[in-house]
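To keep things clear, I will list the structure first and then write my remarks on it.
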Amino acid sequence: MANMHARQFTDGRSLVGEWDIRPSGVVYRNAGIDTLYQAAVQRGQATVLANGALLQGTEPFYGRAAKSSFYVNDPDARFNGKGIDDLIAWGNPAEGQWDNLPMDPAVYRRLRARVVARLSEAGDLYVNDGWSGRTERSRMGVRLITESAVGAVFAHNIFLRLQPEELAGFKPEWTILQAPSVKAEPADKTHSEAFIIVDLAAQVVVIGGTKYNGQIKKSMFCVQNFRLPLKGILTMHAGASEGEGGLSAVHAGLSGTGKTT
């Protein structure tokens, strides 16, 4: 690995303690790529290819688990004075509608408790603090707490990185708790062993049962699509380019269709 990727991490034990997570090992906060690569290989989570890329198998999930993604249906939650039912068009699997699935708060608390318990048992943990959104008006601080060094690599690459002077006083608006080794049970009714749960009121995402790290990005993408319209900002799955004279063009399309190339 190139030395440019090496960086001294700071101890994140006090940060995970806020969630009653009590790991026995080291809590790596915003560790450099060298440290994370080494941890991923040593823990058997991934291998390094000849070209320096990190390879992780994510079977049985090679993409997002759309049918196992949920929002906590909290009847007491309020957003700009509105209840959650006023802002989310709930899906209904019985009618083939798999978007915006609701989850009972009791089931959510049970799964979150299992993830917290696992993170306390995992030994070493990885914390990555970063920004989702570029402008002061749109961005929010995101903290990932995970047992997966590969997940921390993903967060390091996908979120905007903090400047050194921002690290000490960083207060995340959102926290992601990720424990791929925790699998849902049939009684949880998550439609698979995976679960991705967004708690809009508490501003927490809980991910378990899947090693597909795209769920980290996709969960924050969904959160931004919820919060930014409440601030009067239109969200789009699009790219943009600026031509001569300051004229801009918006490029909309599905993933992989060339919006940013």
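Only the coordinates and a few stated rules stand behind these numbers; no lab work does. Since this is a predicted model, take the numbers as computed values, not measurements. Backbone-built Cβ (ideal geometry, glycine too); neighbour counts: all protein chains shown.
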Q.
Can you tell me, using C-alpha contacts under 8 Å and at least 6 residues apart, the relative contact order of the chain as a whole percent?
A. 18
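For the range 76-221, which semi-axes, largest first and in whole Å, follow from the square roots of 5 times the eigenvalues of its Cα gyration tensor? Intermediate values should be presented prior to the final figure.
Values: eigenvalues 130, 87, 36 Å².
Working through the eigenvalues yields semi-axes of 25, 21, 13 Å.
Specify the longest stretch of the chain that does not include any exposed loop site, a site being one of the GluC sites (Glu not before Pro) with a non-H, G, I, E, B DSSP assignment and at most 10 other Cβ atoms within 10 Å. Mind dumping the intermediate values first?
Details: sites that count: E18, E136.
The answer is 137-261.
Kirkwood hydrodynamic radius of the range 176-261 from all distinct Cα pairs, in Å? Intermediate values should be presented prior to the final figure.
Working: mean 1/r = 0.0646 Å⁻¹.
Hydrodynamic radius (Kirkwood, Cα pairs) of the range 176-261 is 15.5 Å.
Around A184, what is the net charge, scoring Lys/Arg as +1 and Asp/Glu as -1 over all other residues with Cβ under 11 Å from its Cβ? Don't skip to the end; give the middle numbers.
Details: positive: R110, R114, K183, K189; negative: E185, D188, E193.
Result for the neighbourhood of A184: +1.
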(Q) Here is the link list: K189/K217; K82/K211; K82/K189; K82/K218; K189/K231; K82/K183. Which ones come out longer than 32 Å on Cα distance? (A) K82/K211; K189/K231; K82/K183
Q. Going toward the positive end of the dipole of the range 1-143, with +1 on Lys and Arg Cβ and -1 on Asp and Glu Cβ, which of V107, G52, N92 do you reach last?
A. G52
Q: Taking Rg and Dmax of the Cα atoms in Å as the quantity of interest, determine which of (1) 20.1, 73; (2) 18.9, 59; (3) 17.1, 56 was computed from the displayed structure.
A: (2)
Q: May I ask you to evaluate 6.51 cos²θ - 1.76 cosθ + 1.60, the Karplus curve with θ = phi - 60°, for each residue of the range 62-73 and list the ³J(HN,Hα) values in order in whole Hz, giving x for glycine and proline?
A: 9, x, 6, 8, 4, 7, 10, 10, 9, 10, 5, 8
**Q.** trypsin sites (Lys or Arg not before Pro) lying in DSSP loop within the range 212-250, provided at most 13 other Cβ fall within 10 Å
**A.** K231
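Explain nothing, just the number: dipole magnitude of the range 3-252 about its Cα centre with +1 on each Lys and Arg Cβ and -1 on each Asp and Glu Cβ, in debye rounded to the nearest 20.
Values: 27 positive and 26 negative charges, 38 e Å.
My answer is approximately 180 debye.
Per DSSP H run of at least 4 residues, take -39500 (n - 2.57); add these up for the chain, divide by its residues and hand me the 222 nm value, nearest 500 deg cm²/dmol.
Working: 7 runs with 67 residues, N = 261.
The helix-only estimate for the chain comes to -7500 deg cm²/dmol at 222 nm.
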**Q.** For the chain, the longest site-free run once chymotrypsin sites (Phe, Trp or Tyr not before Pro) in DSSP loop states with at most 14 other Cβ atoms within 10 Å are removed
**A.** 99-261
(Q) Between G63, G141, G52, where does the largest GNM mean-square fluctuation fall for the chain, given springs only between Cα atoms within less than 10 Å? (A) G52
Q: Report the one residue of A168, G83, F226 whose Cα lies farthest in the direction of the positive end of the charge dipole of the range 3-252 (charges on C-beta: Lys and Arg +1, Asp and Glu -1; origin at the Cα centre).
A: A168
